[in-house]
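Engineer: Let me give you the structure first, and then I'll get to my questions.
The values are calculated or read from the model by the stated rules, or taken from the named source; none is laboratory data. Since the structure is predicted, the reported quantities are computational estimates derived from the model, not experimental observations. No Cβ is skipped: glycine too gets one built from the backbone with ideal geometry, and neighbour counts run over all protein chains shown. Please note that ligands, DNA and RNA were not included when accessible areas were found on the heavy atoms of the full protein model with its side chains. Shrake-Rupley method; radii C 1.70, N 1.55, O 1.52, S 1.80 Å.
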Amino acid sequence: MIITDVCIIGAGPGGAAAALQLDRLGIPCVVVDKAVFPRDKVCGDGLSGKVIAGLNRIDPAIGQRLQAFAEKENSWGVTFVAPGRTGMDVPYKPNYNPAADAPIGFVCKRIHFDNFLVDELKQCQHVQLIEGKSIDNYTQTAGGYELSDAKGTLRISAQMIIVANGAHSAFTKDVAGIRMEPKHYAAGVRAYYTGVTGMHDHSYIELHFLKNLLPGYLWIFPLPNGEANVGIDMPSDTMRRRKVNLKTLLHETLASDPVFSERFRSARPVSPVEGYGLPLGSRSRRLSGERWMLVGDAAFLIDPFTGEGIGNAIYSGGIAAKQAAECLQSGDFSAEKLLAYDASIQRVLGAELRLSTKLQKLVRYPRLFNLLMKAGTRNKQLRDVISSMFYEVDLRKKLTKPSFYIKLILNR
């Protein structure tokens, strides 16, 4: 029996962030992941500015090492394309200088990024990492949780557990009682291509809200060595209603759309099309209970508008670790005590998730979306606010006010 203060289930971004934060606080923890790293993870591979910001909160040295990490593409902004094909380039930082400024956003294959985080864990004095083992049994005791794999060859006793094992977490479903709801879930498919033309000189990521995909979108994210991550994201309820096959839709769009057929004329796939689920943070849920907390995808914290979940996973992992430290110090592991974790998640991420939910609903109305996008191309205020959204969460609150959109349309 391995005895520890905290057991973290999952070594992806959320679990790794929790372990890194606990290590910096001097608190021992055990991290268990069913995979052996490096391992691939089907994803869009986009790392928003929140990734660097979240890692810097834990330890600025980690952020510095990520900045210097070779297996990533520095990205300086995002291009939004409305259904009417009006495009708006939004830099992650207003008036940036690529020659002097440190980049805020990146695109990095998960096989590389997640392994970067695992390598960080392996350097930690207070972290015991166990790879290639699955936690299948959760038994609550008077002093915490006893955890084991299916065969009972791994047994762990922990005062607290942080659950970070992804979108299909059995704990999330069976213990936390959070289940997949098509209205608050999305599906994505992704393939890697080489030879895609028309990429932005500063490696902007692209989100194309094509009319036949709404309220989903097609993305193109530039990667190192001339590759690109290309995929489609669509809400699950829309997929079911329309009986959409996303893999077929991706192939048909790239082949028949007049813009993409030209950009992909000489492109070739270098991976199969693979799919994954996105548990969206489009409604509030209880993310903790007696002696446990959910983080990342296991907590349904993916951005409903962009589908980005890595930044929120890192933020929630750091918050969970600090809450665990409070519980260990006070000796109080009650569900009531852990409500503070839910409150922290709402304070840090709640306004942003609510805004993204509104934006997701907005794209269901192509005419309005086209109007706002056209207005945005003429309105520096909007572009600056959206830029600021990538590194100043509080400024996103501007976009929740109806007066902002009135001024935008009136170009004031």
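Engineer: Could you state the principal axis extents of the C-alpha atoms in the chain, from the largest down, to the nearest angstrom?
Structural biologist: The principal-axis extents, from largest down, are 61, 49, 46 Å.
Engineer: Take peptides 65-75, 295-305 and line them up by average Cβ neighbours within 10 Å, highest first, as a rough protection proxy.
Structural biologist: Details: 65-75: 16.1, 295-305: 28.1.
Highest to lowest by the protection proxy: 295-305, 65-75.
Engineer: Name the long-range amide H neighbours of Tyr217: under 5 Å, sequence gap of 5 or more, or other chain; modelled H, no Pro or chain starts.
Structural biologist: Asp233
Engineer: When only Cα pairs under 8 Å and 6 or more residues apart are kept, what is the percent relative contact order across region 42-131? Don't skip to the answer; put the middle values down first.
Structural biologist: Values: 88 pairs, mean separation 30.4, N = 90.
RCO, region 42-131: 34 percent.
Engineer: Continuing with this model, one more query. Per-residue HN-Hα couplings for region 71-79, Karplus 6.51 cos²θ - 1.76 cosθ + 1.60 at θ = phi - 60°, whole Hz, x for Gly and Pro?
Structural biologist: Couplings: 7, 8, 10, 5, 10, 9, x, 9, 10 Hz.
Engineer: If you line up the Cα atoms of region 42-115 on their principal axes, what length do they span on each, largest first, in Å?
Structural biologist: Result, largest extent first: 43, 32, 21 Å.
Engineer: Sticking with this one: Dipole of region 162-310 (Lys/Arg Cβ +1, Asp/Glu Cβ -1, origin at the Cα centre): which of Tyr185, Ser203, Val175 lies farthest to the positive side?
Structural biologist: Val175
Engineer: Any idea what the dipole of the chain comes to, in debye rounded to 20, about its Cα centre with Lys/Arg Cβ at +1 and Asp/Glu Cβ at -1?
Structural biologist: 1820 debye
Engineer: To continue, here is another question. Ordered by residue, what ³J(HN,Hα) values in Hz, to whole numbers, does region 281-294 give under the Karplus form 6.51 cos²θ - 1.76 cosθ + 1.60, where θ = phi - 60° and Gly and Pro are x?
Structural biologist: These are the phi-based 3J(HN,Hα) values: x, 8, 8, 6, 9, 7, 10, 8, x, 4, 6, 9, 9, 9 Hz.
Engineer: Quick one: Karplus J couplings for region 183-200, per residue in order, coefficients 6.51, -1.76, 1.60, θ = phi - 60°, nearest Hz, x for Gly and Pro?
Structural biologist: Couplings: 5, 10, 8, 9, 10, x, 10, 9, 9, 9, 10, 10, x, 6, 9, x, 6, 5 Hz.
Engineer: With unit charges on the beta carbon (Lys/Arg positive, Asp/Glu negative), name the residue among Gln323, Gly49, Asn379 whose Cα is farthest towards the positive pole of the charge dipole of the chain.
Structural biologist: Comparing the listed Cα positions along the dipole, Asn379 ranks first.
Engineer: While we're on this one: Can you list residues whose amide H is under 5 Å from Leu129's amide H, if they're 5+ apart or on another chain and H is modeled 1.01 Å from N?
Structural biologist: Val31
Engineer: Further question on the same structure: What 222 nm value per residue comes from the helices of the chain, counting each DSSP H run with n ≥ 4 as -39,500 (n - 2.57) and dividing by all residues, nearest 500 deg cm²/dmol?
Structural biologist: Numbers: 14 runs with 143 residues, N = 412.
The helix contribution divided over the chain gives -10500 deg cm²/dmol.
Engineer: Search the structure for amide H atoms under 5 Å from the amide H of Leu223, placed 1.01 Å from N in the peptide plane, and list their residues when 5 or more places away or on another chain.
Structural biologist: It is Ala228, Asn229, by chain and number.
Engineer: Pop out the carbon and sulfur fraction of the accessible area of region 136-183 as a percent, whole number, probe 1.4 Å. Working shown, then result.
Structural biologist: Numbers: 1090 of 2450 Å².
On region 136-183, the fraction of accessible area on carbon and sulfur atoms equals 45 percent.
Engineer: What does DSSP give for region 1-125 in terms of the percent of beta bridges that are antiparallel, rounded to the nearest 5? Intermediate values should be presented prior to the final figure.
Structural biologist: Values: 10 of 14 bridges.
For region 1-125, the DSSP antiparallel bridge percentage is about 70.
Engineer: Also, quick follow-up: In square angstrom, what is the accessible area per residue of region 89-183 with a 1.4 angstrom probe?
Structural biologist: Numbers: 4540 Å² over 95 residues.
Accessible area per residue: 48 Å².
Engineer: Please work out how much length the chain gains when fully extended from Met1 to Arg286, using 0.36 nm per residue of separation minus the C-alpha to C-alpha distance, in nm with one decimal.
Structural biologist: Values: separation 285, 0.36 × 285 = 102.60 nm, distance 3.05 nm.
Length difference between fully extended and current span is 99.6 nm.
Engineer: In the structure displayed, which of Lys72/Lys122; Lys109/Lys183; Lys109/Lys243; Lys72/Lys243; Lys151/Lys173 lie more than 26 Å apart, Cα to Cα?
Structural biologist: The pairs that break the limit, which is 26 Å between Cα atoms, are Lys109/Lys183; Lys109/Lys243; Lys72/Lys243.
Engineer: Right, here's the next one. Over what distance in Å are the Cα centres of region 125-188 and region 312-338 separated?
Structural biologist: 16 Å
Engineer: Note down the relative contact order for the chain as a percent, whole number, built from C-alpha pairs under 8 angstrom at least six residues apart.
Structural biologist: Relative contact order, the chain: 22 percent.
Engineer: Report Rg/Rh for region 301-383, rounded to two decimals, where Rg is the Cα radius of gyration and Rh the Kirkwood radius. Before the final figure, lay out the partial values.
Structural biologist: Working: Rg = 18.1 Å, Rh = 15.2 Å.
My calculation puts Rg/Rh at 1.19.
Engineer: Under Stokes-Einstein, with the Kirkwood radius over Cα pairs standing in for Rh, what whole-number D in µm²/s applies to region 193-252 at 10 °C and 1.306 mPa s? Write down the numbers at each step before the final one.
Structural biologist: Working: Rh = 12.5 Å.
D = 127 µm²/s.
Engineer: Let's see if you can work this out: charge +1 on each Lys and Arg Cβ, -1 on each Asp and Glu Cβ, no other charges. What is the dipole magnitude of region 75-145 about its Cα centre, in debye to the nearest 20?
Structural biologist: Numbers: 6 positive and 7 negative charges, 38 e Å.
Dipole of region 75-145, to the nearest 20 debye: 180 debye.
Engineer: Still on this structure: With both bridge residues required to lie in the chain, what share of the DSSP beta bridges run antiparallel, to the nearest 5%?
Structural biologist: Restricted to the chain, the bridges split so that about 65 percent are antiparallel.
Engineer: On a C-alpha basis, how far is the centre of region 344-361 from the centre of region 16-61 in Å? Whole number, if you could?
Structural biologist: That distance is 22 Å.
Engineer: Report D for region 165-279 in µm² per second (integer): Stokes-Einstein, Kirkwood Rh on Cα pairs, 20 °C, 1.002 mPa s. Could you put the intermediate results ahead of the total?
Structural biologist: Working: Rh = 15.3 Å.
For the chosen part, D equals 140 µm²/s.
Engineer: How large, in Å, is region 99-167 by the Kirkwood hydrodynamic radius built from its alpha-carbon pairs?
Structural biologist: Numbers: mean 1/r = 0.0660 Å⁻¹.
Kirkwood hydrodynamic radius for region 99-167: 15.1 Å.
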